[in-house]
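Input: a single structure, listed below in structure tokens.
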Amino acid sequence: MRRMATTGTFELLRTAGLAEIDPDVADLIERELERQRTHIELIASENFTWPSVLEAVGSVPTNKYAEGYPGARYYGGCEVVDEIETLAIERAKALFGAEHANVQPNAGSATNMAVYHACLEPGDPILAMRLDHGGHLTHGSKVNFSGRNYTVSGYGVDRETGLVDFDEVRRLAGEERPKLIVCGGSAYPRVIEADRFREIADEVGALLLCDMAHFAGLVAAGVHPSPVPHCDFVTSTAHKTLAGPRSGFILCREKHARAVDRAIFPGLQGGPLLHTIAAKATCFRIAASEPFRAYATQIRTNADALAESLVAGGLDLLTGGTDTHLVQLDLRRSDWTGKDAEDRLSEIGITANRNTVPYDERPPTVASGVRLGTPAVTMRGFDEDDCREVGEIIAAALADGADPPALRARAAALCERRPLYPGFRGFPAYES
Ligand code: DSN
């Protein structure tokens with residue numbers, strides 16, 4: 001790393017932008033942009049957010065402390081950020097048809113932590129999808145706060161179909177009498193049937209939380225059924241299919257509003273990140289638009305095209321396909337581990353992550369699956385033909401006699417055809 005040439009004058013520090021003040025960081029950001037431009041991004045939880053959102057994330061509300069909520073802050077000077085947060089709240093409620101929204105969570109984990117904090121006491125029973133069957137760390141993994149603080153039982157998917165086993169959910173709910181049932185996850189490629197979870201929750205008097213972080217953009221666009229009418233709480237991130245800034249938000253019924261708000265502040269967080277909340281407001285505005293609906297529809301079309309070409313190339317998929325943006329390769333019938341397959345894809349310019357498959361005999365660090373998703377490639381303009389070609393490239397990369405340099409060239413050609421952030425250097429430029 002280069003030594004900083006000069007710290008300049010105080011006046012320079014106050015008026016110059018990143019490239020001038022810290023070329024080391026500016027270079028690294030430019031390199032990261034180049035990496036994003038030149039690789040096919042298939043990590044199902046990632047996306048390329050809008051330039052308008054990037055500008056909001058890099059904006060001056062970052063300077064403002066505003067502990068509390070609009071109209072009830074612990075600091076002066078909050079009149080404008082109150083309007084920003086209120087706008088984000090109203091847009092979130094309208095977009096998802098929710099009674100109440102909290103837009104302050106800094107991340108997805110904080111959303112789930114806050115809901116537990118709002119409706120449970122330490123040690124209370126939760127029923128959630130097992131992490132190794134597609135759930136999430138914060139749904140009760142033993143190595144996570146959720147598994148340490150609550151008594152968690154896990155439901156899984158059927159060994160044959162790969163679909164949520166509702167008989168098991170019902171049986172466990174009856175036996176464990178959970179106070180909260182959690183649906184949704186990070187590696188489940190099919191529709192989350194919140195209505196069926198609601199029936200079971202009602203049978204045992206449990207509250208219901210849906211973590212829709214992965215598919216929130218599909219819900220906003222109406223291409224995945226909304227969990228909101230069926231759930232007491234819905235948590236989400238803004239940066240996956242929803243294509244917003246890295247952060248979270250919570251929707252809930254009005255009767256839980258005060259408990260959720262108090263769980264976030266003063267329960268878990270201090271000053272909210274108002275610049276990110278401004279970006280969330282913009283993300284919700286975009287997600288309510290016709291072009292966003294077309295984008296989310298294309299995510300789905302692309303996921304189907306990717307899945308079909310992978311199957312045509314001889315690969316197995318969990319559940320045989322997808323209803324969402326997410327496709328899970330099941331490598332158990334091949335010689336590949338998830339880790340080796342992830343490395344091979346990386347070698348040819350495709351970024352993805354290894355993932356356990358249900359009933360996996362390998363540890364998560366090795367795993368027998370690779371999780372793929374189409375939000376990011378769709379954002380840079382890939383259509384179904386492009387995604388079919390991506391599927392062919394992946395199948396060829398994992399076949400005997402693969403030619404990695406030739407496949408890397410094909411992947412690079414696709415990226416060149418669909419440029420990402422043309423003309424952008426990777427960060428908003430400051431002009432004094
Ligand atoms: N880490 C995210 C994912 O990859 O699904 C979820 O938090």
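The values are calculated or read from the model by the stated rules, or taken from the named source; none is laboratory data. Worth saying up front: this structure is predicted, and the values here are computed from it rather than measured. All Cβ positions, even for glycine, are placed from backbone atoms using ideal geometry, and neighbour counts span all protein chains on display. Heavy atoms of the whole protein, side chains included, go into the accessibility calculation; ligands, DNA and RNA do not. Shrake-Rupley method; radii C 1.70, N 1.55, O 1.52, S 1.80 Å.
General remarks:
- Taking 0.36 nm per residue of separation and subtracting the current Cα-Cα distance, fully stretching the chain between residue 10 and residue 430 would add 149.5 nm.
- Helical contribution to [θ] at 222 nm, DSSP H n ≥ 4, -39,500 (n - 2.57), averaged over the chain, rounded to 500: -12500 deg cm²/dmol
- Pairs exceeding 31 Å between alpha-carbon atoms, taken from 179/240; 142/339; 93/142; 93/179: 93/142.
- By accessible area with a 1.4 Å probe, ligands and nucleic acids excluded, highest first: order of 67, 203: 203, 67
- Taking every alpha-carbon pair under 8 Å whose residues sit at least 6 apart, the range 78-146 reaches a relative contact order of 17 percent.
- Theoretical gain in end-to-end length, residue 124 to residue 254 [0.36 nm per residue, Cα-Cα removed]: 44.5 nm
- Using a cutoff of 8 angstrom between alpha carbon atoms and counting only pairs six or more residues apart, the relative contact order for the chain works out to 22 percent.
- Accessible area (Å², 1.4 Å probe, nearest 10) - residue 35: 80
- Where 131, 42 fall by accessible area, highest first, once all protein chains stay in place (1.4 Å): 131, 42
- Applying 1/(1 + (r/R0)^6) with R0 = 35 Å to the Cβ-Cβ distance of residue 143 and residue 31 gives a FRET efficiency near 0.60.
- Relative contact order, whole percent, for the range 350-432 stands at 20, derived from Cα pairs under 8 Å and 6 or more residues apart.
- Think of a 1.4 Å ball rolled over the protein heavy atoms: the range 351-399 then has 32 Å² of accessible area per residue.
- Over the range 1-122: Rg over Rh, Cα atoms, Kirkwood Rh: 1.05
- P(r) of the chain over all Cα-Cα pairs, binned every 10 Å from zero, in whole percent: 5, 21, 29, 26, 15, 4, 0
- Comparing Cα centroids, the range 328-383 and the range 228-250 end up 24 angstrom apart.
- If you model the range 21-60 as an ellipsoid using its alpha carbon gyration tensor, with each semi-axis the square root of five times an eigenvalue, the axes come out at 20, 17, 7 Å, biggest first.
- The fraction of Cα-Cα pairs per 10 angstrom bin, counted from 0 for the range 356-402, comes to 22, 34, 35, 8 percent, rounded to whole percents.
- Note that the range 131-236 presents 38 Å² accessible area per residue, ligands and nucleic acids not counted, probe 1.4 Å.
- For the chain, with all protein chains in place and a probe radius of 1.4 Å, 50% of the accessible heavy-atom surface sits on carbon or sulfur.
- On the principal axes of its alpha carbon atoms, the range 49-189 extends 55, 34, 29 Å, with the longest extent given first.
- Most to least accessible of 179, 280, 142, 240 (protein chains only, probe 1.4 Å): 142, 179, 240, 280
- Length added when fully stretched, residue 161-residue 60, from 0.36 nm per residue minus Cα-Cα: 31.3 nm
- The range 139-250 - Debye-derived log10 I(q)/I(0), Cα point model, q = 0.15, 0.16, 0.24 Å⁻¹: -0.67, -0.76, -1.47
- Under the simplified labelling scheme, the residue 67-residue 191 pair shows an inter-label distance of 4.5 nm, with each label point 7 Å from Cα along Cα→Cβ.
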